[in-house]
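This report refers to the structure that appears directly beneath it.
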Amino acid sequence: MTNFVLIPGADGRAWYWHRVVPELRARGHEVVTLDLPSEDSADLDAFTDAVLAAIGDAPARPLVVVAQSLGGFTAPLVCARLPVDRLVLVNAMVPAPGETAGEWWGNTGQAQARAAYAEATGRGADAEFDLRTDFFHDVPPEVTEEAFAGEVPGPPSALFAQPWPLEKWPDVPVTFLQGREDRFLPLEFQRRVVGERLGIDVQDLPGGHLVALSRPRELAEALLRTV
(Lines give C-alpha, C1' and ligand atoms only; values in the text may rest on other atoms or scores of the structure.)
Protein backbone atom coordinates (compact mmCIF):
# COMPACT_ATOMS: atom_id res chain seq x y z
CA MET A 1 0.00 0.00 0.00
CA THR A 2 1.30 3.46 -0.94
CA ASN A 3 0.18 6.81 0.46
CA PHE A 4 -0.29 9.27 -2.41
CA VAL A 5 -0.45 13.01 -1.71
CA LEU A 6 -2.02 14.82 -4.67
CA ILE A 7 -1.28 18.55 -5.05
CA PRO A 8 -3.46 20.42 -7.58
CA GLY A 9 -2.30 23.00 -10.10
CA ALA A 10 -3.33 26.60 -10.63
CA ASP A 11 -6.99 26.32 -9.65
CA GLY A 12 -5.97 24.90 -6.28
CA ARG A 13 -8.91 22.50 -5.92
CA ALA A 14 -8.77 18.92 -4.69
CA TRP A 15 -11.59 18.39 -7.21
CA TYR A 16 -8.98 18.24 -9.96
CA TRP A 17 -7.99 14.76 -8.76
CA HIS A 18 -11.52 13.44 -8.22
CA ARG A 19 -11.33 10.95 -11.11
CA VAL A 20 -7.90 9.61 -10.07
CA VAL A 21 -8.65 9.14 -6.36
CA PRO A 22 -11.09 6.22 -6.79
CA GLU A 23 -8.70 4.55 -9.25
CA LEU A 24 -5.94 4.55 -6.63
CA ARG A 25 -8.19 3.60 -3.73
CA ALA A 26 -9.74 0.73 -5.70
CA ARG A 27 -6.23 -0.69 -5.93
CA GLY A 28 -5.78 -0.55 -2.15
CA HIS A 29 -3.83 2.68 -1.75
CA GLU A 30 -4.31 5.68 0.50
CA VAL A 31 -4.83 9.14 -0.98
CA VAL A 32 -4.55 12.63 0.50
CA THR A 33 -5.97 15.57 -1.42
CA LEU A 34 -6.59 19.16 -0.41
CA ASP A 35 -7.82 22.57 -1.49
CA LEU A 36 -4.94 25.03 -1.47
CA PRO A 37 -5.29 28.48 0.13
CA SER A 38 -7.16 30.88 -2.15
CA GLU A 39 -6.59 34.28 -0.55
CA ASP A 40 -4.52 36.54 -2.79
CA SER A 41 -1.75 36.88 -0.20
CA ALA A 42 -1.14 33.12 -0.01
CA ASP A 43 2.40 32.28 -1.09
CA LEU A 44 4.58 29.18 -1.39
CA ASP A 45 5.01 29.04 2.37
CA ALA A 46 1.24 29.00 2.89
CA PHE A 47 0.82 26.34 0.22
CA THR A 48 3.54 24.17 1.74
CA ASP A 49 2.06 24.51 5.23
CA ALA A 50 -1.36 23.53 3.89
CA VAL A 51 -0.01 20.38 2.25
CA LEU A 52 1.91 19.37 5.37
CA ALA A 53 -1.18 19.92 7.51
CA ALA A 54 -3.21 17.69 5.19
CA ILE A 55 -0.58 14.95 5.39
CA GLY A 56 -0.45 15.03 9.18
CA ASP A 57 2.27 14.19 11.69
CA ALA A 58 2.68 10.45 11.07
CA PRO A 59 1.84 9.66 7.45
CA ALA A 60 1.74 6.10 6.20
CA ARG A 61 4.75 4.98 4.17
CA PRO A 62 5.81 4.73 1.46
CA LEU A 63 4.81 8.32 0.86
CA VAL A 64 4.60 9.64 -2.72
CA VAL A 65 3.96 13.34 -3.41
CA VAL A 66 2.33 14.07 -6.77
CA ALA A 67 2.07 17.59 -8.20
CA GLN A 68 0.18 18.95 -11.20
CA SER A 69 1.42 21.93 -13.26
CA LEU A 70 1.96 24.94 -10.95
CA GLY A 71 2.16 22.46 -8.06
CA GLY A 72 5.72 21.85 -9.24
CA PHE A 73 6.72 24.96 -7.29
CA THR A 74 5.21 23.66 -4.02
CA ALA A 75 5.89 19.91 -4.03
CA PRO A 76 9.71 20.12 -3.67
CA LEU A 77 9.25 22.40 -0.65
CA VAL A 78 7.11 19.70 0.95
CA CYS A 79 9.81 17.13 0.21
CA ALA A 80 12.43 19.39 1.82
CA ARG A 81 10.47 19.42 5.10
CA LEU A 82 9.15 15.86 5.27
CA PRO A 83 10.68 12.45 4.48
CA VAL A 84 9.19 11.44 1.13
CA ASP A 85 9.87 8.28 -0.85
CA ARG A 86 9.20 9.73 -4.30
CA LEU A 87 8.13 12.94 -5.98
CA VAL A 88 6.03 12.63 -9.15
CA LEU A 89 5.56 15.72 -11.32
CA VAL A 90 2.66 15.71 -13.79
CA ASN A 91 2.71 18.26 -16.64
CA ALA A 92 4.54 20.40 -14.12
CA MET A 93 6.50 23.61 -13.96
CA VAL A 94 10.08 22.97 -12.84
CA PRO A 95 11.49 25.97 -10.95
CA ALA A 96 15.12 27.01 -10.71
CA PRO A 97 16.57 28.35 -7.43
CA GLY A 98 15.58 31.97 -6.89
CA GLU A 99 13.14 31.99 -9.80
CA THR A 100 9.59 33.24 -9.32
CA ALA A 101 6.62 31.57 -10.97
CA GLY A 102 6.08 34.86 -12.77
CA GLU A 103 9.58 34.71 -14.27
CA TRP A 104 9.37 31.04 -15.19
CA TRP A 105 7.40 31.61 -18.41
CA GLY A 106 9.94 33.93 -19.99
CA ASN A 107 12.96 32.07 -18.63
CA THR A 108 11.84 28.79 -20.16
CA GLY A 109 10.38 30.12 -23.43
CA GLN A 110 6.92 28.69 -22.75
CA ALA A 111 5.04 31.16 -24.95
CA GLN A 112 7.21 30.39 -27.96
CA ALA A 113 6.88 26.64 -27.37
CA ARG A 114 3.09 26.89 -27.08
CA ALA A 115 2.91 28.93 -30.29
CA ALA A 116 5.13 26.49 -32.17
CA TYR A 117 3.00 23.56 -31.05
CA ALA A 118 -0.21 25.38 -31.99
CA GLU A 119 1.17 26.02 -35.47
CA ALA A 120 2.42 22.43 -35.85
CA THR A 121 -1.02 21.07 -34.93
CA GLY A 122 -2.95 23.34 -37.30
CA ARG A 123 -4.28 25.97 -34.87
CA GLY A 124 -1.87 28.68 -36.02
CA ALA A 125 1.08 30.23 -34.22
CA ASP A 126 -1.03 33.25 -33.21
CA ALA A 127 -3.78 31.18 -31.56
CA GLU A 128 -4.93 33.06 -28.47
CA PHE A 129 -4.97 31.27 -25.15
CA ASP A 130 -8.39 29.91 -24.27
CA LEU A 131 -9.01 27.92 -21.11
CA ARG A 132 -11.33 25.41 -22.73
CA THR A 133 -9.28 25.01 -25.91
CA ASP A 134 -5.86 24.82 -24.29
CA PHE A 135 -6.75 22.91 -21.14
CA PHE A 136 -10.04 21.04 -21.64
CA HIS A 137 -9.81 19.97 -25.29
CA ASP A 138 -9.64 16.25 -24.38
CA VAL A 139 -11.66 16.32 -21.14
CA PRO A 140 -15.14 14.70 -21.31
CA PRO A 141 -17.83 17.38 -21.85
CA GLU A 142 -19.68 16.56 -18.62
CA VAL A 143 -16.48 16.91 -16.59
CA THR A 144 -15.67 20.19 -18.34
CA GLU A 145 -19.10 21.57 -17.51
CA GLU A 146 -18.70 20.51 -13.89
CA ALA A 147 -15.38 22.34 -13.76
CA PHE A 148 -17.02 25.55 -15.01
CA ALA A 149 -20.26 25.18 -13.05
CA GLY A 150 -19.09 27.47 -10.26
CA GLU A 151 -16.52 30.20 -9.97
CA VAL A 152 -13.20 28.99 -11.37
CA PRO A 153 -10.56 30.15 -8.89
CA GLY A 154 -7.23 31.55 -9.99
CA PRO A 155 -3.91 31.17 -8.21
CA PRO A 156 -3.00 33.86 -5.64
CA SER A 157 -0.91 36.68 -7.11
CA ALA A 158 1.59 36.38 -4.24
CA LEU A 159 2.52 32.94 -5.54
CA PHE A 160 4.00 34.45 -8.71
CA ALA A 161 6.15 37.04 -6.92
CA GLN A 162 7.97 34.88 -4.37
CA PRO A 163 11.41 33.55 -5.42
CA TRP A 164 11.64 29.78 -5.17
CA PRO A 165 13.53 29.42 -1.87
CA LEU A 166 15.53 26.20 -2.25
CA GLU A 167 19.18 26.31 -3.31
CA LYS A 168 18.78 22.93 -5.01
CA TRP A 169 16.13 20.27 -5.49
CA PRO A 170 15.63 17.98 -2.45
CA ASP A 171 17.38 14.62 -2.41
CA VAL A 172 14.37 12.52 -3.33
CA PRO A 173 13.77 10.35 -6.44
CA VAL A 174 11.78 12.26 -9.07
CA THR A 175 9.57 10.91 -11.86
CA PHE A 176 8.20 13.29 -14.49
CA LEU A 177 4.97 12.35 -16.31
CA GLN A 178 3.86 14.43 -19.28
CA GLY A 179 0.78 14.35 -21.53
CA ARG A 180 1.67 13.94 -25.19
CA GLU A 181 -1.14 16.26 -26.29
CA ASP A 182 -0.48 19.05 -23.78
CA ARG A 183 -1.13 22.29 -25.70
CA PHE A 184 0.01 24.56 -22.87
CA LEU A 185 3.31 22.92 -21.90
CA PRO A 186 4.13 20.86 -24.99
CA LEU A 187 5.96 17.56 -24.66
CA GLU A 188 9.20 18.52 -26.43
CA PHE A 189 9.35 21.78 -24.48
CA GLN A 190 9.03 19.80 -21.27
CA ARG A 191 11.71 17.33 -22.36
CA ARG A 192 14.12 20.23 -22.75
CA VAL A 193 13.25 22.03 -19.51
CA VAL A 194 13.19 18.87 -17.40
CA GLY A 195 16.46 17.66 -18.92
CA GLU A 196 18.19 20.97 -18.28
CA ARG A 197 16.86 21.53 -14.77
CA LEU A 198 16.48 18.02 -13.32
CA GLY A 199 18.70 15.92 -15.56
CA ILE A 200 16.05 13.22 -15.99
CA ASP A 201 13.92 11.90 -18.84
CA VAL A 202 10.22 12.62 -19.28
CA GLN A 203 7.79 9.70 -19.33
CA ASP A 204 5.01 10.56 -21.78
CA LEU A 205 1.35 9.59 -21.40
CA PRO A 206 -1.75 9.98 -23.58
CA GLY A 207 -3.69 13.12 -22.81
CA GLY A 208 -3.40 16.88 -22.56
CA HIS A 209 -2.57 19.28 -19.75
CA LEU A 210 -5.39 18.13 -17.46
CA VAL A 211 -4.58 14.44 -17.73
CA ALA A 212 -6.13 13.62 -14.33
CA LEU A 213 -9.48 14.68 -15.77
CA SER A 214 -9.10 13.27 -19.27
CA ARG A 215 -7.17 10.03 -18.62
CA PRO A 216 -7.58 9.16 -14.92
CA ARG A 217 -7.06 5.42 -15.30
CA GLU A 218 -3.92 5.79 -17.42
CA LEU A 219 -2.53 8.35 -14.96
CA ALA A 220 -3.29 6.13 -11.96
CA GLU A 221 -1.54 3.22 -13.64
CA ALA A 222 1.46 5.42 -14.39
CA LEU A 223 1.59 6.57 -10.76
CA LEU A 224 1.56 2.97 -9.56
CA ARG A 225 4.49 2.17 -11.85
CA THR A 226 6.58 4.72 -9.97
CA VAL A 227 6.42 2.81 -6.68
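The values are calculated or read from the model by the stated rules, or taken from the named source; none is laboratory data. Fair warning: this is a prediction, and the values are worked out from it, not measured in the lab. Glycine also receives a Cβ, built like all others from the backbone with ideal geometry; neighbour counts cover every protein chain displayed.
Within the range 20-63, how many residues are part of a helix (DSSP H, G or I) and not aliphatic (A, V, I, L, M)?
Applying the first criterion (part of a helix (DSSP H, G or I)) to the range 20-63 yields 21-26, 44-55.
Checking the rest, the ones that are also not aliphatic (A, V, I, L, M) come to 22-23, 25, 45, 47-49.
Counting residues in the range 20-63 that are part of a helix (DSSP H, G or I) and not aliphatic (A, V, I, L, M) gives 7.
Before we move on, is Leu177 among the hydrophobic types (A, V, I, L, M, F, W, C), surrounded by 13 or more Cβ atoms within 10 Å (Cβ to Cβ), more than 27 Å from Pro83 (Cα to Cα) and in contact (Cβ under 8 Å) with a residue 12 or more places away in the chain? Break it down into steps so the answer makes sense when it comes.
Values: among the hydrophobic types (A, V, I, L, M, F, W, C): yes; surrounded by 13 or more Cβ atoms within 10 Å (Cβ to Cβ): yes; more than 27 Å from Pro83 (Cα to Cα): no; in contact (Cβ under 8 Å) with a residue 12 or more places away in the chain: yes.
No, not satisfied.
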*asked:* Kindly evaluate Val21 against the criterion of being surrounded by 19 or more Cβ atoms within 10 Å (Cβ to Cβ), within 13 Å of Leu223 (Cα to Cα) and touching a Ser or Thr at 6+ places or on another chain (Cβ under 7 Å).
replied: yes
_Search result, residues across the range 58-110 that are modelled with pLDDT under 95 and among the basic types (Lys, Arg)_ = Arg61
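Looking at Pro186, Pro170, Pro163 in this structure, which one is closer than 24 Å to Glu103 by Cβ, in contact with a Ser or Thr (Cβ under 7 Å, 6 or more places away or on another chain) and not β-branched (Val, Ile, Thr)? Walk me through how you get there before you give the answer.
Values: Pro186 fails: in contact with a Ser or Thr (Cβ under 7 Å, 6 or more places away or on another chain); Pro170 fails: in contact with a Ser or Thr (Cβ under 7 Å, 6 or more places away or on another chain).
Going through Pro186, Pro170, Pro163 in turn, the sole match is Pro163.
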*Name every residue in the range 147-167 that is at pLDDT 95 or above and not hydrophobic (A, V, I, L, M, F, W, C), in order of residue number.*
Gln162, Pro163, Pro165, Glu167
